[in-house]
Amino acid sequence: MKRRIDGTGDRPAVAFTFAGQPCSGRAGDTVAMALWAAGEAVLRQSSKDGAPRSVLCNMGICYECLVVVDGVTVRACTTLVREGMRIERGGRP
């Protein structure tokens, strides 16, 4: 389900992959918002009990939205999406 807000479509499209699948966002989107707009809510599983995790604070304070971008673990809510990024579901904490 797409969640794109009207009026944001004039920014250039950015192609990337998430969990091996092609996705796209808009220039200036964070990874978190590009994934959410693409219908991807679960970004990782809890290392404690395997429960699904997603964006919580959306301002870089917590660690709920950890993903792996091109081999490096980052917060999805503070990382801007770039053309060609390879994004995988994150892990720990």
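Scanning the range 75-93 for residues being aliphatic (A, V, I, L, M) and surrounded by fewer than 17 Cβ atoms within 10 Å (Cβ to Cβ) gives a total of 1. Just one of the numbered conditions (1) closer than 19 Å to GLY90 by Cα; (2) touching a residue at least 40 places away in the same chain (Cβ under 8 Å); (3) surrounded by 13 or more Cβ atoms within 10 Å (Cβ to Cβ); (4) not polar (S, T, N, Q) is not true of GLU40: (2). Being touching an Asp or Glu at 6+ places or on another chain (Cβ under 8 Å) and closer than 19 Å to PRO12 by Cα is true of ALA37.
Taken together, the values in this text are just the output of simple stated rules run on the coordinates, not laboratory data. Small disclaimer: the values here were computed from a predicted structure and weren't measured. For neighbour counting, all protein chains shown are included, and Cβ atoms are generated from backbone atoms with ideal geometry for every residue, glycine included.
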